[in-house]
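Beneath this line is the structure, given in structure tokens, with notes to follow.
The values are calculated or read from the model by the stated rules, or taken from the named source; none is laboratory data. The structure displayed is predicted, hence computed values, not measured ones. All Cβ positions, glycine included, derive from the backbone under ideal geometry; neighbour counts span all protein chains shown. Ligands, DNA and RNA are stripped out before the accessible areas are found, and what is left, the full protein with its side chains, is counted by its heavy atoms. Shrake-Rupley method; radii C 1.70, N 1.55, O 1.52, S 1.80 Å.
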Amino acid sequence: MHANIGRCGQGLTKIPRFGSNCLRSGFVYWQSNSHCFRRWSSFQTPRSPDTTRTIFSGIQPTGVPHLGNYLGALREWVRLQNDTTEGTTLYFSIVDLHALTVPQESAQLRRWRKEAFATLLAVGLDPSRSTIFYQSSVQAHAELFWILCTVASMGYLSRMTQWKSKLQLPDDTTLDNSATRSRLRLGLFAYPVLQAADILVHRATHVPVGEDQKQHLEFSRNIANSFNHIYGSVFPSPEALISPAKRVMSLKEPTLKMSKSHVDERSRILLTDSPDEIHKKIKAALTDSDTMITYDPIRRPGVSNLLELLGHFEGKSCQDLALEFQSTSLRALKENLASYISNHLRPIRDKYISLMDDKTGYLDDVSEQGARAARANAELTMRQVREVMGL
Ligand code: TRP
């Protein structure tokens, strides 16, 4: 835990340096103009000497995002962008190299990348305020990935859960089993190292993510500390900004998270669903046989999920909404929720459709402009990294 021993070469440091440490642990609250985020802080955190902040986040191109992706991540990105103060830089990436950690069909991946890009613009990311780019267009991500592999611990990686869930193995799986080892591809195992490279290559200080990414952020902080310990303080320690919409549950199996892989399409609402589709899916959402409206996520996950969803749109607590709807019917609650969702998603869907139909090359232009800006920023970091490593 001795970060910042200051062995960096002189003369290459256009980048702000991170000189002072403070040791904190526990939840810390971070306030933007209209919103309060919770962040988990348990490592030594080299603090920026000034107030400049760099926000980075990524989304995998795996088809049109659903409401869970939107409330858990994308809506927060837009809020951060819109609330941003001077001195904050924002980077949002379609992490197509991460998508390759599981088998992909190339034509489909190409389509998904474009769909993801159009979605980011449709939800309200603005290329004049945020740098939006494809990860694979900025080669420094892959270069820093390799460099971080030289400090990443196999033991730490083997304890992480994502590769196990992708291979449908229990969380306590170890690498001791040879059948596991032969199924596990190096890229999937090293996924968190590439994610750390994404964050660190842009010297990000804040990373807005869903609750499920907390483990990857801890790993990124750990690898930044390890690198800084060996080579001097190059990387700030990135902090997770955990979205308040922690778990959006499936409409068909409300004890599971809303997911793009559930067999029943009615279990999720896509950002491009029409008002009619939204009404049908909400109407068919699974609830229990009790017709009363109460908020009880453990015993009544179905109706509680509907209240939570409404809460995310109305900005009210689930308890208050339960009281409000107490004397009405489940049908009224569902109708109200479906209207909220479809009104909110309508402009997003319209913009998405017009971006996908565009024939002027607008998306290509915006992605090239984003790639150029991201390359320039990443190159500043890589010059410093190469210098301190003797390359
Ligand atoms: N692992 C993230 C997810 O599945 C995506 C991601 C890749 C990411 N690189 C990142 C998120 C860097 C935040 C920062 O959602």
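Observations on the model:
- Checking Ile230 against (1) farther than 29 Å from His202 by Cβ; (2) not aromatic (Phe, Trp, Tyr); (3) not in a loop (DSSP other than H, G, I, E, B), the condition it does not meet: (1)
- Taken over the range 111-128, the criterion of being open to solvent by 20 Å² or more (accessible area, probe 1.4 Å), free of Cβ contacts under 8 Å to residues at least 60 places away in the same chain, within 19 Å of Gln369 (Cα to Cα) and part of a helix (DSSP H, G or I) is satisfied by Arg113 alone.
- Condition met for Arg221 (open to solvent by 20 Å² or more (accessible area, probe 1.4 Å) and at pLDDT 95 or above): no
- Evaluation of Lys246 against (1) more than 12 Å from the ligand (Cβ to nearest atom); (2) among the basic types (Lys, Arg); (3) in a helix (DSSP H, G or I) (one fails), failing number: (3)
- Single residue of Arg75, Arg79 found to be touching a helix residue (DSSP H, G or I) at 6+ places or on another chain (Cβ under 8 Å) and part of a helix (DSSP H, G or I): Arg75
- Identity of the residue in the range 163-174, touching a Ser or Thr at 6+ places or on another chain (Cβ under 9 Å) and under 20 Å from His98 (Cβ atoms), that ends up farthest from the ligand (Cβ to nearest atom): Leu169
- The range 175-207, subset in contact with a strand residue (DSSP E or B) (Cβ under 7 Å, 6 or more places away or on another chain) and more than 8 Å from the ligand (Cβ to nearest atom), residue least open to solvent (accessible area, probe 1.4 Å): His202
- Cross-chain or 6+ apart pairs with Cβ under 6 Å, the range 54-71 first and part of a helix (DSSP H, G or I) and modelled with pLDDT of 95 or more, then more than 11 Å from the ligand (Cβ to nearest atom) and β-branched (Val, Ile, Thr): Leu67/Val248; Leu67/Ile269
- Of all the listed residues (Pro254, Pro244), the sole one being in the same structural domain as Val201 (by TED's automatic domain parsing) and open to solvent by 10 Å² or more (accessible area, probe 1.4 Å) is Pro244.
- Gln213 being within 13 Å of the ligand (Cβ to nearest atom), part of a helix (DSSP H, G or I), under 19 Å from the mean Cα position of the chain (by Cα) and closer than 20 Å to Ala245 by Cα: yes
- The requirement of being under 30 Å from His229 (Cα atoms) and exposed (fewer than 15 other Cβ atoms within 10 Å of the Cβ) is fulfilled nowhere in the range 92-103; no residue meets it.
- Scanning the range 314-351 for residues that are closer than 18 Å to Lys246 by Cα, open to solvent by 30 Å² or more (accessible area, probe 1.4 Å) and in a helix (DSSP H, G or I) turns up Glu314, Gln319.
- Thr131 β-branched (Val, Ile, Thr), open to solvent by 40 Å² or more (accessible area, probe 1.4 Å) and in the same structural domain as Leu80 (by TED's automatic domain parsing): no
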